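Accompanying notes for the structure given below.
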Amino acid sequence: MTNLPPMSSTGFLRWVWRQLTSMKTALVLLFLLAVASVPGSVYPQRGVDPIKVRDFITKSPTWGPILDRLGFFEVYSSPWFSAVYLLLFLSLIGCVIPRVGVHFRAMRSAPPAVPRMLERLAGSREVTPTASAEEVIGAVAGALRKARWRVVSGPADSPTWVAAEKGYLRETGNLVFHVSLLFVLSAIAIGGLFGWKGNVIVREGSGFSNTVTQYDAWGGGRYTNAQDIPPFSFTLDKFTVDFERGIAQRGAPRAFEAEMSYKVDPTAPVERRLVEVNEPLSISGAKVFLVGHGYAPLITVTDKTGKVVFDDAVPFLPQDGSFTSTGVVKILDSTPQLGIQALFLPTAALDDVLGPHSTFPGPDDPALFMSAWKGDLGLNTGKPQSVYRLVTDKMTKIGLEQLRPGTSWKLPDGSGTVTFSGYKRWASFQIAYDPGKEIALIFVALAIVGLTMSLFIRRRRVWVKVVERDGVTVIQLAGIMRASTFEDKDIGALAEDLDFVEQALQVAGVARGIEKEQS
Amino acid sequence: MSPESLARMSNVMVYSSMLVLTFAMFAFAASFAGGRRRVNSAAVESTRNAGGTAVITKAVVVTDDPGRRASNIGISLTWLAFVLLLVGVVLRGVWAGRAPWGNMYEFSITAALGVLAVFLIANTRTDLRWLGIFIVIPVLLTLGVAVTVLYTEAAQLVPALKSYWLVIHVFAAIICSGAFTLAAATAGLSLVRDRAERKAGSDVELTGALVSRIPSAERLRSLTNKTLAFAFPLWTFTVVAGAIWAENAWGRYWGWDPKETWAFITWVIYAAYLHARSTAGWRGNKASLIALAGWIAFLMNYFGVNFLANSLHSYAGVGN
């Protein structure tokens, strides 16, 4: 167990640092990191789905706010999660940086001289020389150097021993791995600080130009200049969707294709590209990803005088795999204000349990089920409202109706008509710029290389000594494995190295075959 | 061949493989039973004669071991099951006209194939016959769940899966599933064996059917370590390949989707394992427990996330 900390303040700091950089602390922090990651897969996360978080908090009024305050809905940016990984990286720095210096010196220093009693080492061997000690040592040293061992021999005037070491790359790999992780974390930070990301829904035939105001949602890092994002623009010319019609996985998506025309800047020529899932559009360093799609029913509303007060394709949000979609129309320009809450069903069905719902995501039998409201939309209060939600607090329901494409509904109180003339499709795009991702990729690749080196390269030492015993000259061969991961005595690998030395001796013609093997 | 007959052939192959594996399981089980009887009788003999040393007792067991033939039969049957399953998976791919990794049924039969492959290949390098039963049982369970709960007719891929990264990322993940399972088996056995060794005081006097037939706890831990030293860089690659693919499909390389989160948790636990192996006081049973925890996180990622969590990776295709 650990000792009590000493009393002096520098001593105390040193004690803290030693604790933090110990392997046991690293282990504990790794466990904590694993455990701290779990809640993020259990509770909805704001960064992924803010609506689900809101619903969760509404549904559990006691625990919701408590969990919220504790950061359970933003686990990966919560103080406790950050504390764990920052401590882990601090521990890593404290552990790895000193090792860099030690390793650098070790790589430049000569392998340690021969132990006195080679025959006591496990797996040691003896062979009989057929040449002088000098020739034997020269042959061994040459062969080992050629095989990229670090070699010293001595004594200088008439050498009788060779010491060789190999596998320094194991520690190099280990250090490369750990240092690379630091760079990966930095790359993630760069992406977070200087990158940006936005989502936008674009209807077929409509366009988008890359300014923050055109996004449905946009977020930039602390040092991102929102005024300075590249001025590209694009139009969604055509959007094609195909669904599985067979029995197996019926309704599963089979193809999304967005035919796009785009301009790098307002004066650039128009270019065309087919954008698909897995086939994003790269433009001015940013990437445009196709992430979703849905329907936008064409709705026209006239007021009681017959004047058209609304005429647009309204994007509806899909609620299930069969694209039962919900949407809202808000009409401010009529008196009183009108509101429509609607369900768009691409393949309509109605039953007692599910109510109106869609049975297939393709538009085989589209219908619009809706309720009309009149009164005050509540948009003048200054309180922000979702465009996908109708606040009916100050409104009264006029009636319910279902429409097929090309049909109209005369509102029962005479306040106007609603026409459902068809639908368009919309596609949603995620547009992202992450200046850190290439750096992250480079260092993650380095990390894998380093990791593999550190796990598969074995550091070992080999000694060869020419000794005279009872008037007989023998060559002693021995070695040790210096590895922490394969700390079990890997005699097999050592034997291979000794075989190599023995073979080199025979090839050079300075020794006979094995005569005695010690265990 | 018509698509329907391809489908039927694929299913027949998977079922045949399960049947052969069942026989392999009996063979491996018999090898344990056989070994036990012999150990007991040899031990009795040596004490009665009062001359047999521990070394001699052991030599008797090793040279004249009735369990040996049974375990050889088990290995042969496992190879046969592997070939049948391989044909089944390939036919499934031919039927679907793509890599056979489009839904959980296909992942599962390929993962079972991966576990068998890793075990059989490892067995050619070092004798792992004693491990057979602990590999065959989880593989049979996986296949059983696959053909009953997870079975899905082959269909085309959803657009998110249409990428060559499917082949790279999933192939690496499947090899990892094999290695992790192997490591979990040896880690679990090392705990059992370690307990028995402690109780007996020396590993020569072990007489239990199970513990006397498996290698020493130290050797089991070493096997676990070697398997995980191979699997950990590969798992790192799997996660990175997944991140590159995610960047290409969804516009971010890491988004803490439940699948990504559990892949990360699995990675962190196995990283802890490797650290534990070079930390005094953690090398033994604690490290083995961590290896088991890593495997549980891996399974959680495979089954739990697909069924429980609302993940972008929900490609199970079950219930559709």
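The values are calculated or read from the model by the stated rules, or taken from the named source; none is laboratory data. Keep in mind it's a predicted model, so treat the numbers as computed, not measured. We place every Cβ from the backbone using ideal geometry, glycine too, and count neighbours over all the protein chains shown.
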- Message: Restricting to the range B:212-241, and then to whatever is closer than 17 Å to residue B:265 by Cα and crowded, with 23+ Cβ neighbours inside 10 Å, can you tell me which residue is nearest to the other protein chains (Cβ to nearest Cβ)?
- Response: B:232
- The listed residue being modelled with pLDDT under 95 and over 18 Å from residue A:47 (Cβ atoms), out of A:224, A:213: A:213
- So which helices (runs of 4 or more DSSP H) are wholly in the range A:1-90 and hold at least 3 residues that are at pLDDT 90 or above and either within 30 Å of residue B:276 (Cα to Cα) or touching a helix residue (DSSP H, G or I) at 6+ places or on another chain (Cβ under 7 Å) (or both)? A:23-37
- Do we find a residue being over 30 Å from residue B:153 (Cα atoms) and surrounded by fewer than 19 Cβ atoms within 10 Å (Cβ to Cβ) anywhere in the range A:250-257? no
- With the checklist (1) within 14 Å of another protein chain (Cβ to nearest Cβ); (2) farther than 30 Å from residue A:134 by Cβ in hand, flag the one item residue A:459 doesn't pass. (2)
- For the range B:254-269, which residues satisfy the criterion of being of a type outside the set (S, T, N, Q) and either in contact (Cβ under 8 Å) with a residue 60 or more places away in the chain or facing another protein chain (nearest Cβ under 8 Å) (or both)? B:254, B:255, B:256, B:257, B:258, B:262, B:264, B:265, B:268, B:269
- Message: Going residue by residue through the range A:255-272, is there one that turns out to be within 10 Å of another protein chain (Cβ to nearest Cβ) and either modelled with pLDDT under 85 or touching a Cys at 6+ places or on another chain (Cβ under 8 Å) (or both)?
- Response: yes
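Please report, ordered by residue number, the strands (runs of 3 or more DSSP E) entirely within the range A:393-464 with at least 1 residues that are within 22 Å of residue A:287 (Cα to Cα).
Numbers: elements: A:395-403, A:407-410, A:416-433.
Result: A:416-433.
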- Could you check residue A:43 against (1) within 30 Å of residue A:180 (Cα to Cα); (2) crowded, with 16+ Cβ neighbours inside 10 Å and say which number it fails? (1)
- Which condition number does residue A:188 fail, the rest of (1) within 14 Å of chain B (Cβ to nearest Cβ); (2) in contact (Cβ under 8 Å) with a residue 12 or more places away in the chain; (3) more than 30 Å from residue B:274 (Cα to Cα); (4) surrounded by fewer than 19 Cβ atoms within 10 Å (Cβ to Cβ) being met? (3)
- Do we have any residue at all in the range A:31-47 that's farther than 29 Å from residue A:319 by Cβ and away from chain B (no Cβ under 14 Å)? no
- In the set A:334, A:322, A:371, the lone residue that is touching a residue at least 12 places away in the same chain (Cβ under 8 Å) and surrounded by 20 or more Cβ atoms within 10 Å (Cβ to Cβ) is A:322
- Item | So residue A:89, is it in contact (Cβ under 8 Å) with a residue 40 or more places away in the chain and out of contact with any Lys or Arg (no Cβ under 6 Å at 6 or more places or on another chain) | yes
- over 47 Å from the mean Cα position of the chain (by Cα) and in a loop (DSSP other than H, G, I, E, B), is that true of residue A:116? yes
